[in-house]
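Asker: This is the structure I have questions about; it appears just below.
The values are calculated or read from the model by the stated rules, or taken from the named source; none is laboratory data. These numbers were taken from a predicted model, which means no experiment stands behind them. So basically every Cβ, Gly included, is an ideal-geometry build from the backbone, and we count neighbours across all protein chains shown.
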Amino acid sequence: MMPAVDNTSTAPADKPWEALEADVLDALSAARLAPGEVATALATRASLYKGKTYQPPDNARPRQTKEGASAVKDAIQWLQKCEAACPLAEAGVGLKLAAEDHAVDVGGAGVASHRGGDDSRPEDRATRYGKWKGAVGECIWYGRATTGAQVVEDLIVDDGVRDCVEINQCVGCTR
């Protein structure tokens, strides 16, 4: 079981994504605190592949993947080498607004990209709503999930992406 991190949502019924958002932040923090726990959870996931088809444990529709269980096994090996990092701080309003802008911009067009329709990058969108220093990036997840842990596991496995950008940003360690 991953350590409890409480960003408990009080999302109104007309904004159900806010509850999932809070759950994702909790799962990201938990993954940063205990990457080995995520590796253990992913070991179960690796057993749910038949070739490149993943059958989620909740009997949801099977998903065709690009790499199959090998992507999960790579993520497990990577996580086993990670040390614990600090939990995430609460997401700022500016970052939420930047993410919402991007989701509306590219999501409606059916585009899967870190580039916006106006050619903006994550740092451009973050700058629209505030100041930042150091590094800024974004983890984009496309799919269907009911829990934050499912979203974070998908980001960490990062099927079809060989540079591991999302896993590095999610868990906070590099190889």
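Asker: Here's a check for you: in the stretch 30-69, which residue that is out of contact with any helix residue (DSSP H, G or I) (no Cβ under 7 Å at 6 or more places or on another chain), of a type in the set (G, A, S) and closer than 20 Å to Y142 by Cα is modelled with the highest pLDDT?
Answerer: The residue in question is G68.
Asker: Quick one: which of D58, D74, D105, D124 is closer than 21 Å to T40 by Cβ and surrounded by 13 or more Cβ atoms within 10 Å (Cβ to Cβ)? Give the derivation first.
Answerer: Working: D58 fails: surrounded by 13 or more Cβ atoms within 10 Å (Cβ to Cβ); D105 fails: closer than 21 Å to T40 by Cβ; D124 fails: closer than 21 Å to T40 by Cβ.
Every option except D74 fails the conditions.
Asker: For the stretch 112-155, give me the residue count where each residue is in contact with a Leu (Cβ under 7 Å, 6 or more places away or on another chain) and modelled with pLDDT of 85 or more.
Answerer: Total meeting the criteria: 5.
Asker: Restricting to helices (runs of 4 or more DSSP H) lying wholly in the stretch 13-111: which have 3 or more residues that are closer than 14 Å to D159 by Cβ, touching a Phe, Trp or Tyr at 6+ places or on another chain (Cβ under 7 Å) and hydrophobic (A, V, I, L, M, F, W, C)?
Answerer: none
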